[in-house]
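Q: Got a structure here, written out as structure tokens. Questions coming.
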Amino acid sequence: MVDRTGLEEAIRRAADPVVLTQRVADEAMTLVAAADGVLVGFVHAPSWLTFDCGAGKAASQIGTRIPLDGSLAGLAFWTGKTLHSDHAESDPRVEPDFRRAAGFQSLVCVPLWRHAQAAGVLCVASFRSCAFNERDIATLTSLADFISVVITVAVDLAGATDAFLSRVCGDALRTSAPDDDDWAAEERFVANVLNPGAMSMLETRSRIDRVLKGRGLSHVFQPVFDITSGKCFAVEALARFSGRPKRLPDVWFAEAHAMGIGVELEVVSAKGALGSLAHLPGAIALCVNASPAAMISDELRQLLAGSEPRRVIMELTEEAKVDDYPRLSSALSQLRLMGARLAIDDTGAGFASLAHILKLVPDFIKLDRELTSGIDRDPVRIALAAALVGFAAGLGAEIVAEGIETASELAVLRGLGIRYGQGYFLWRPTSVELIPSRLPREVWSAASTRAS
């Protein structure tokens, strides 16, 4: 459920004329090649024009007031005509203080209208003299009516939106209806009309906030076996999210990162995973997935320091883009000093994992299920896996084969000299309570029976 305050804020922003006016300024910068800056000003007080929006080198002048009398913009406002100056420094029509502060040498000032009355001015400026040609001036003049209509509609829409929200809020306060009542439905309707994307983002943020507050996130654990002895070496913590609509964990984390709270969600997930260490036999390690952004965060480092880092293997995935390897390497060195180890996940699925391996020198290299699946029937997969085994040995790393689904795959992987493996053939993800100390030999006995 979307928080009503957030919904109202989204509606107001979608209907905010300043947002649309800023878009006009931004687009004007791309429209006229010679433009170094654009300002859009309105008359909010008698005799004064205030620049509410700006783009380019003129953005620093947002909030500046200039007099209507004694300025080129003011003259355009009073006369209703597009005016320009090729030499602003010597042009008496240009307001002196503004000219000195902004440093522009060429100006085009286009009057803007609201309900057939002058309301403001669009100013396009350049640091060069004679920067704008006749075509530039004609283009800006021809767009004046369109820009005026757009701004007029935005201002009128903002007024109608304020009136709507005032009525809805007043009615909501006078009733005891639940949050998902008709008034919320009306707000959703307006939000979806004004900005469907904002509504979707609000719903996503609401779902993620719920998880950040401790609701809707749990973990299952998949054992990683020493496939040469049958002992359970480690378990990988896999996040699971509840709630509707149903989404894969990768989607949850991707959405959180897109909203700028991905590391926060990863830390919450890591905290939940690390809490399982107390329920695992002491000889079993815990694999925790984390992105590069989370790996370098102080929050994750402090969280790991407060656990049993010598029993933790941090996993970096193929999909994770690394922008700063030296910084990541430095952060990983701190984690390793605590005793934690590093695994590179999804090796064989793409080139990024190979770059991770070369630059980060992990303790474990995890073969992606795309490489493991069908390896018993594909000489190319066998050759690639064999090459990675030799590569890992040169680095002093161990190979972990993921996604083992059949006895034949297990047999081939063991034959290649791979020591560790995980997959549904060995054991499916389960709750931490179902991983007792007797699990390894019982599971291996069953797996060996199926493999024979």
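The values are calculated or read from the model by the stated rules, or taken from the named source; none is laboratory data. Not measured: the values here are computed from a predicted model. Backbone-built Cβ (ideal geometry, glycine too); neighbour counts: all protein chains shown.
Q: Within the stretch 227-243, restricting attention to residues that are among the hydrophobic types (A, V, I, L, M, F, W, C) and within 20 Å of VAL267 (Cα to Cα), which residue is surrounded by the fewest Cβ atoms within 10 Å (Cβ to Cβ)?
A: LEU238
Q: Filter the stretch 208-243 down to the residues that are part of a helix (DSSP H, G or I) and among the β-branched types (Val, Ile, Thr), then identify the one that is nearest to the chain's Cα centre (by Cα).
A: Within the stretch 208-243, the match that is nearest to the chain's Cα centre (by Cα) is ILE208.
Q: Please state which of the following conditions ASP345 fails to meet, knowing it meets all the rest: (1) farther than 22 Å from LEU410 by Cβ; (2) crowded, with 16+ Cβ neighbours inside 10 Å.
A: Looking at each condition in turn, ASP345 falls short on (1).
Q: Something else: For the stretch 33-53, how many residues are in a strand (DSSP E or B) and either over 15 Å from GLY103 (Cα atoms) or over 31 Å from the mean Cα position of the chain (by Cα) (or both)?
A: Qualifying residue count for the region: 12.
Q: Go through the stretch 110-145 and count every residue that is under 40 Å from the mean Cα position of the chain (by Cα) and surrounded by fewer than 14 Cβ atoms within 10 Å (Cβ to Cβ).
A: 3
Q: State the number of residues belonging to the stretch 362-379 that are at pLDDT 90 or above, under 37 Å from the mean Cα position of the chain (by Cα) and either among the aromatic types (Phe, Trp, Tyr) or surrounded by fewer than 20 Cβ atoms within 10 Å (Cβ to Cβ) (or both).
A: Within the stretch 362-379, residues that are at pLDDT 90 or above, under 37 Å from the mean Cα position of the chain (by Cα) and either among the aromatic types (Phe, Trp, Tyr) or surrounded by fewer than 20 Cβ atoms within 10 Å (Cβ to Cβ) (or both) number 4.
Q: While we're on this one: Could you go through the stretch 304-314 and let me know if any residue there is assigned by TED's automatic domain parsing to the domain that holds ALA239, free of Cβ contacts under 8 Å to residues at least 40 places away in the same chain, in contact with a Leu (Cβ under 8 Å, 6 or more places away or on another chain) and among the small types (Gly, Ala, Ser).
A: Yes: one or more hits.
Q: Turning to a different aspect of this structure: Looking only at residues in the stretch 245-289 that are without any contact (Cβ under 8 Å) to a residue 40 or more places away in the chain and in contact with an Asp or Glu (Cβ under 6 Å, 6 or more places away or on another chain), which one is farthest from SER307 (Cα to Cα)?
A: Residue satisfying both the conditions and the ranking: VAL267.
Q: Identify the residue in the stretch 85-99 that is outside any loop (DSSP other than H, G, I, E, B) and of a type in the set (A, V, I, L, M, F, W, C) and, among all such residues, is nearest to ARG65 (Cα to Cα).
A: For the stretch 85-99, the residue satisfying everything is PHE98.
Q: The conditions are (1) farther than 15 Å from VAL121 by Cα; (2) in contact with a Ser or Thr (Cβ under 6 Å, 6 or more places away or on another chain); (3) surrounded by 21 or more Cβ atoms within 10 Å (Cβ to Cβ), and HIS87 fails exactly one of them. Which is it?
A: (3)
Q: Now for a separate question. So, in the stretch 79-112, how many residues would count as being over 16 Å from GLY41 (Cα atoms) and of a type in the set (A, V, I, L, M, F, W, C)?
A: 3
Q: Identify all residues within the stretch 419-452 that are modelled with pLDDT under 85 and assigned to a loop (DSSP other than H, G, I, E, B); write none if there are none.
A: ILE435, PRO436, SER437, ARG438, SER452, listed by residue number.
Q: Sort through ALA385, ALA411, ALA393, ALA397 and tell me the only one that's at pLDDT 90 or above and farther than 19 Å from LYS366 by Cβ.
A: Answer to the check: ALA411.
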